[in-house]
Every structure is written in C-alpha cells, then in structure tokens.
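As structure tokens, the structure follows; a few thoughts come after it.
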Amino acid sequence: MLTRRILILLAAGGSLIMLAGAFGFQALGYPPCAMCLWQRWPHAAAIGVGAIALALPGRLLPLAGAAAAAATAGIGVYHTGVERDWWQGPTACTGGALGGGDLLSLDGPPLVLCDVVAWQFLTLSMASWNALGSLALVALWVMAARKS
C-alpha cells in the first residue's frame, strides 16, 4: 500500500533523480540553456518540501510539492513549444539573440540556445521528458496530500 510517506519519498526522490540526470547530462557535455536552468529550481524546491513533509503532518506541504512539480512541468511544456517553434521564446536565449552581440568572442561561455534541441530520445527533448516526468510527480504529490 502506498502510504503518505512512501508517496512523498517517491515524489521528492523523482525530483532528485531528474535533477541528478540534468547535472549528469551537463557533465557529459550538454550545457544547459537558460530555460533548462529554470526547470531545475522547482525540482530543488520539491526536494526540500519533501524533506520537511516527511517530518510534518498535513496536506499543505504535499500540495506545495505538487505546485513545484507543476511549475517545472509548465516550464518544460513552454520550453518544448519554443524548441518546436510553436511559439516564440525569450529573445535572450533563442535564435533571435543572434542578431546582436559579438558571437565570435572567446571571452565568455558558449551561447546555448533555448530553441535548439541538444538531445532527444523517442523524438522528445529533455524539456519534453521533464514535462512528462514532472506531471507524474504532480500526481504522486496530490496522492500524498489526499492521504494526509
């Protein structure tokens, strides 16, 4: 039986695994774009919420975990749309950024564009996988809240 504690461990642990995966890809030579970094912060928050929720009763913390997972899922959907040209992304990290600045400069880190898919599996980018996985984590958090 899935108890509140087990559901919280699964949800927060899922965020920990997804965050570790993101850092793993970065270590393998896939530098994150700005939107990739945005998707990491809610996972970090969900991990912290999970640690506190294990010690305290109630529904508020699991619902906060669900909100964090929903936030990163939403950013992942938005990022997927930018990658697939469904809508325009932030000009600071998309092809629109190519119009200005000295792109040939060797003084800074390489420009990582948010609208370019760096890696994909089964035609889905990392942002898409983050969105799907995070939606599953939302479900776990809501189930934990219902057990409270």
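The values are calculated or read from the model by the stated rules, or taken from the named source; none is laboratory data. On a predicted model such as this, the values are computed, not experimentally measured, just so you know. Every residue, glycine as well, gets a Cβ built from its backbone with ideal geometry; the counts of neighbours run over all protein chains shown.
For this structure, a couple of remarks:
- In the stretch 52-85, the residue that is surrounded by the fewest Cβ atoms within 10 Å (Cβ to Cβ) out of those that are small (Gly, Ala, Ser) and over 14 Å from Ser15 (Cβ atoms) is Ala55.
- Gly101 being at pLDDT below 95, more than 12 Å from the chain's Cα centre (by Cα) and small (Gly, Ala, Ser): yes
- Comparison of Arg40, Arg5, Arg59 shows that the only residue that is of a type in the set (Lys, Arg), closer than 17 Å to Met126 by Cβ and touching a helix residue (DSSP H, G or I) at 6+ places or on another chain (Cβ under 7 Å) is Arg40.
- One residue stands out among those in the stretch 6-39 that are modelled with pLDDT of 95 or more and touching a Leu at 6+ places or on another chain (Cβ under 7 Å): the one that is surrounded by the fewest Cβ atoms within 10 Å (Cβ to Cβ), which is Leu10.
- Ala44 vs. criteria surrounded by fewer than 16 Cβ atoms within 10 Å (Cβ to Cβ) and either free of Cβ contacts under 8 Å to residues at least 24 places away in the same chain or in contact with a strand residue (DSSP E or B) (Cβ under 6 Å, 6 or more places away or on another chain) (or both): no
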